[in-house]
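These notes concern the structure reproduced below.
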Amino acid sequence: MKHPAVSLRGLLLRYLLSTAALGAALVLVWWLVFGILFNMGFILPASAAAEACNRAAEVLPAMTADTFDASRLDPLCRYALFPAPGSPAVLATNMTDRQLDTALNAWFGGSGNLGYTQYHLPVTLADGSVCFLQYDYSVPYANEHLRQRLPDFQLTYLGLLAVLMGLLIWCNTRRTARRLSAAAVRLQDACTRITAGDLSGDTFGRTRIRELDEALDTMQTLREHLAQSLREQWEAEQQRAEQIAALSHDLKTPLTVIAGHADLLAEEALPPQAAGSVAAVRRSCETAARYLADLRAVAAPGTGTDEARQRVAAADFLARRKETGRALCTAAGRTFRLLNALPDGSALDIQPHRMARAVDNLLDNAVRFAPPGGTVTLEVRLTGGTLMLAVQDTGRGFSPEALRKAGRLLYTGDTARHDAHQGLGLYMARQVAASHGGTLALYNLPQGGGCAEIRLPRSLLLPPRQG
């Protein structure tokens, strides 16, 4: 059977009403048991001690201190026998020390009520001595032995009611709290699943608390919208990849034709000016070919990621990067530096072609953004547990927006560092770093210029071979 949802206000009201109803039922049962005990003669009425003392006051005047007979008094009567009014001496008593302290307080003019309310009745005997009777309005046990051995019945019975009432409230509160806790756990689970990216599967269920169910419904709607947004984003990525792939394919043919004609012209004996133009065309074709290769890699992100890792001598790898860096810098009027702080004979456990392409892209970017006469530096070092391949330039550095967004696919929003490169170099460098378990970090140097740094795990640096 499906239970209807209740509001938080209704749940609280239900808790209060159920607690009040159960409490009233408990008091009723408690009172019925009290009546049964009274009818059974197990207990006496609260006025029994007062009546007993009044009866004792009728027989005591005929006694003296010497002929005082406590057996003629009802056991409910508590007494203290004094030789004369105002005398502190106690000739006889059946009171406890605490009861006697209360009686003495009243005897000497005090209130006589040091705690539980006690009443006193002085009775003058035939010889002038005084029997100071004490009583209270409390329900006693009918059996004298029980009165002597057990705690006061009235206090005990009231204490039992308080304990049972507290237990009832605790149980009912715990029951309501468990329901609220279960609902809160379900709500927290929904938040955790959404945070963890679980945007599919079963719904979050119900708590049967209206406000929390509405929150779960809202979170389910959010979950569905997020899933739809991700699907649309994935479809857009796929569509963009297909468009890039088609574009790179369409550009490849005319570029090949242009490059072929440029090669044919280069074989001819041309005037110096024409030869320079042909060389510029050939260089532009080579640059465009690199861009097309980047576009094809972006269009098919998995391409090249399955290249096997190899043990590559660090010195050889960096020597080839040095050749590339020098060639790029010489053609652009820049200076290239290589700072290699790796141990001699060490090797790299990398995908050599992809890593070379990533570093070359960073070098190409740095050369384009370094000013004429500026310097491009490739620094390789170990910092703690990280292998650093840092490419620095002495240009204008990265803008704040570029530091946030550079490395995203096709990002070209940095006017300080922008030309026709279409943002592919940093993007591919970031992808290569990630495939090696590393990251790409961009930051500006204190002395000016920018730095693109591939940070790789220390484990990719292999020690020299033995023997």
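The values are calculated or read from the model by the stated rules, or taken from the named source; none is laboratory data. Values in this document were obtained by computation on a predicted structure and should not be read as measured data. Quick reminder, even Gly has a Cβ in these numbers, built from the backbone with ideal geometry, and neighbours come from all protein chains shown.
Filter the range 219-247 for residues that are surrounded by 11 or more Cβ atoms within 10 Å (Cβ to Cβ) and either closer than 21 Å to residue 190 by Cβ or under 24 Å from the mean Cα position of the chain (by Cα) (or both) and give the result. Outline the logic, then answer.
Residues of the range 219-247 that are surrounded by 11 or more Cβ atoms within 10 Å (Cβ to Cβ), as a first pass: 219-220, 222-231, 237, 240-247.
Of everything in the range 219-247, those that are surrounded by 11 or more Cβ atoms within 10 Å (Cβ to Cβ) and either closer than 21 Å to residue 190 by Cβ or under 24 Å from the mean Cα position of the chain (by Cα) (or both) turn out to be 219, 220, 222, 223, 224, 225, 226, 227, 228, 229, 230, 231.
Does the range 143-158 contain any residue that is among the hydrophobic types (A, V, I, L, M, F, W, C), touching a Cys at 6+ places or on another chain (Cβ under 9 Å) and surrounded by 12 or more Cβ atoms within 10 Å (Cβ to Cβ)? Steps first, answer last, please.
The first filter runs over the range 143-158 and keeps only residues among the hydrophobic types (A, V, I, L, M, F, W, C), leaving 146, 150, 153, 155, 158.
After this cut, where a residue has to be touching a Cys at 6+ places or on another chain (Cβ under 9 Å) as well, the list is none.
So far as the range 143-158 goes, no, none of its residues is among the hydrophobic types (A, V, I, L, M, F, W, C), touching a Cys at 6+ places or on another chain (Cβ under 9 Å) and surrounded by 12 or more Cβ atoms within 10 Å (Cβ to Cβ).
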Exercise. Going by the structure shown, is residue 76 touching a helix residue (DSSP H, G or I) at 6+ places or on another chain (Cβ under 7 Å), over 19 Å from residue 110 (Cβ atoms), of a type in the set (A, V, I, L, M, F, W, C) and surrounded by 13 or more Cβ atoms within 10 Å (Cβ to Cβ)?
Worked result: yes
Exercise. In the range 420-452, what residues are of a type in the set (A, V, I, L, M) and either closer than 20 Å to residue 379 by Cβ or at pLDDT below 90 (or both)?
Worked result: 420, 424, 426, 428, 429, 432, 433, 440, 441, 442, 445, 452
For this session: Kindly indicate the residue of the range 248-275 that is at pLDDT below 75 and among the polar types (S, T, N, Q) and also surrounded by the most Cβ atoms within 10 Å (Cβ to Cβ) among those meeting that condition.
Result: 248
Problem set entry | Residues located in the range 12-66, provided they are closer than 30 Å to residue 129 by Cα, in contact with an Asp or Glu (Cβ under 9 Å, 6 or more places away or on another chain) and not in a helix (DSSP H, G or I) | 46, 63, 64, 65, 66
Exercise. Looking at the range 126-138, is at least one residue crowded, with 16+ Cβ neighbours inside 10 Å, modelled with pLDDT of 90 or more, in contact with a Leu (Cβ under 6 Å, 6 or more places away or on another chain) and assigned to a loop (DSSP other than H, G, I, E, B)?
Worked result: no
Seminar exercise, completed: Within the range 444-458, the residues that are in contact with a Leu (Cβ under 9 Å, 6 or more places away or on another chain) and loosely packed, with under 14 Cβ neighbours inside 10 Å are 457, 458
For this session: Please tell me if residue 456 is part of a strand (DSSP E or B) and either modelled with pLDDT of 80 or more or touching a strand residue (DSSP E or B) at 6+ places or on another chain (Cβ under 7 Å) (or both).
Result: yes
